[in-house]
Amino acid sequence: MHLDYRRLKMIADFHIHTPLCKHAGGTPEAYVARAKSLGLKKICLTDHAPAPDGYDPTNRMEIGSFPEYRRIFDEVSASSQIPVLWGVEADYYRGNDGFLEQWLPEQDFDFVLGSIHYIGTWGFDNPDEISTWKAAAGEKVEQFWREYFALVSEMAGTGLYDAIAHIDLPKKFSYRPPEQRIPDIVCPALDSIAEAGMAMEINTSGLRRPVHEIYPSLQILELARERDIPVIFGSDAHQPRDVGADFVRAIKLARDAGYTEYVTYEGREMKSEALPALGKSSG
């Protein structure tokens, strides 16, 4: 027996990139076509927001490319046979909230996804910087996790974001504290997310990374459910084939954690949807 996309009710993918971020491929039309072929209910473009201060320039669009991003959205949303929404993945790092406070409202986004990819100057999820993880052990790994989740709390406190992306991203290369230490590290950030009224993404890209696990783990998802933090689904697609990838597994994970609903956004307003039932077929 296996879970089958053909038996899956429609759902939405709210984490999709474009080639403007400099590390994705395929045309925007191909992403939309893939979503339609899977029967997805809707999608949201969420490419990496520009950072005029020069932050992480190799992994995001230039500020001068942003009008092209808007043009791409206008074209694909006008011609698509499924709804395409207008979003962005905006990194949080200390010092950028002033720019985002002014810039985000000017863009009329449907959805703002928050993420953290740096602890200080260290790109902790960058394969080129994995040596720092390899040199760490025990308490040092836990320290890195605590520093990261302190940033998550700060991000939630800004009130600028609708949802948090891949919340346990530090596990990407399978470096993580003992399971029994996770609640003490993570719960203060989850409390901040709940207080801010944010959602948390169930991100399937971890299955395509060395950790081979969805973000977040079931343990963290259960802690989020205890706090009534809504969930939203994202593939973190950087290629058309990634759109909607492993969403059946993601829905099962949500149900295992006790969720019966997920959310989408339009005009920065949250809307609850029923989680689809998971049919089974032989094979």
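The values are calculated or read from the model by the stated rules, or taken from the named source; none is laboratory data. This one's a predicted model, so the numbers in the text were calculated from it and none came from an experiment. Positions of Cβ are backbone-derived with ideal geometry, glycine not excepted, and every protein chain shown enters the neighbour counts. Only protein heavy atoms, including side chains, enter the accessible area calculation; ligands, DNA and RNA are left aside. Shrake-Rupley method; radii C 1.70, N 1.55, O 1.52, S 1.80 Å.
Would you tally the net charge around Asp97, using a Cβ to Cβ cut-off of less than 13 Å, leaving Asp97 out, and scoring K and R as +1, D and E as -1? Could the numbers behind the result be given before it?
On the way: positive: Arg94; negative: Asp53, Asp91, Glu101, Glu154.
Around Asp97, the charge tally is -3.
Could you tell me what a quarter of the Cα convex hull surface of region 154-283 works out to, in nm² with one decimal place? If you can, show how the numbers build up before the last one.
On the way: hull surface 36.3 nm².
Its average projected convex-hull area is 9.1 nm².
Near Leu20, within a Cβ-to-Cβ distance under 9 Å, what is the net charge of the other residues, with Lys and Arg +1 and Asp and Glu -1?
Neighbour charge sum, excluding Leu20 itself: -1.
Quick one: net charge around Gln219, please, counting Lys, Arg +1 and Asp, Glu -1 for every other residue with C-beta under 14 Å from its C-beta.
Working: positive: Lys171, Arg176, Arg181, Arg225, Arg227; negative: Asp168, Glu179, Asp184, Glu213, Glu222, Glu226, Asp256.
Neighbourhood net charge equals -2.
Less than 13 Å apart at the alpha-carbon level, and either on another chain or at least 8 residues along: which aspartates and glutamates does that give for Lys41?
Of all the aspartates and glutamates, those that pass the test against Lys41 - Cα under 13 Å, at least 8 places apart if same chain - are Asp13, Glu273.
State the percent of C-alpha pairs, over all pairs in region 1-107, separated by a distance greater than 25 angstrom. It would help to have the intermediate numbers written out before the result.
Working: 1601 of 5671 pairs.
The proportion of pairs with Cα distances above 25 Å equals 28 percent.
Quote to one decimal, in nm, the extra length available between His212 and Asp228 on full extension: 0.36 nm per residue of separation minus the C-alpha distance between them.
Working: separation 16, 0.36 × 16 = 5.76 nm, distance 2.64 nm.
Gain on stretching His212 to Asp228: 3.1 nm.
In bins 10 Å wide, starting from 0, what share of all Cα pairs of region 222-273 does each bin hold, as a percent?
Taking all Cα pairs of region 222-273, the binned fractions are 22, 47, 29, 2 percent.
What translational diffusion coefficient, to the nearest whole µm²/s, does region 74-160 have by Stokes-Einstein, given a Kirkwood radius computed over alpha-carbon pairs, a temperature of 10 °C and 1.306 mPa s viscosity?
Values: Rh = 15.4 Å.
This corresponds to a translational diffusion coefficient of 103 µm²/s.
Using only the Cα atoms of the chain, what are the Rg and Dmax in Å?
Calculated on Cα positions, Rg and Dmax stand at 17.9, 54 Å.
Work out the charge dipole of the chain with +1 on the Cβ of Lys and Arg and -1 on the Cβ of Asp and Glu about the Cα centre, then indicate which of Ile214, Ser131, Ile164 is farthest towards its positive end.
Result: Ile214.
For the chain, set up a GNM with springs between Cα atoms under 10 Å and report which of Gly159, Gly39, Gly54 has the largest fluctuation.
Of Gly159, Gly39, Gly54, the Gaussian network model singles out Gly54 as fluctuating most.
Here are some pairs, Lys171/Lys271; Lys134/Lys171; Lys22/Lys42; which of them have Cα atoms lying more than 18 Å apart in this structure?
Details: Lys171/Lys271 30 Å; Lys134/Lys171 13 Å; Lys22/Lys42 24 Å.
Exceeds cut-off: Lys171/Lys271; Lys22/Lys42.
Given just the C-alpha atoms of region 57-123, how large is their convex hull per residue in cubic angstrom? Could the numbers behind the result be given before it?
Working: hull volume 7.1 nm³, N = 67.
Each residue corresponds to 106 Å³ of Cα convex hull volume.
With the full set of protein chains in place, find how many percent of the accessible area of the chain is carbon and sulfur; take the probe as 1.4 Å.
On the way: 5860 of 12050 Å².
Summing carbon and sulfur atoms, their accessible area is 49 percent of the total for the chain.
Relative to the Cα centre, what is the charge dipole magnitude of the chain, using +1 at the beta carbon of each Lys and Arg, -1 at the beta carbon of each Asp and Glu, and rounding to the nearest 20 debye?
That gives the chain a dipole magnitude of about 1260 debye.
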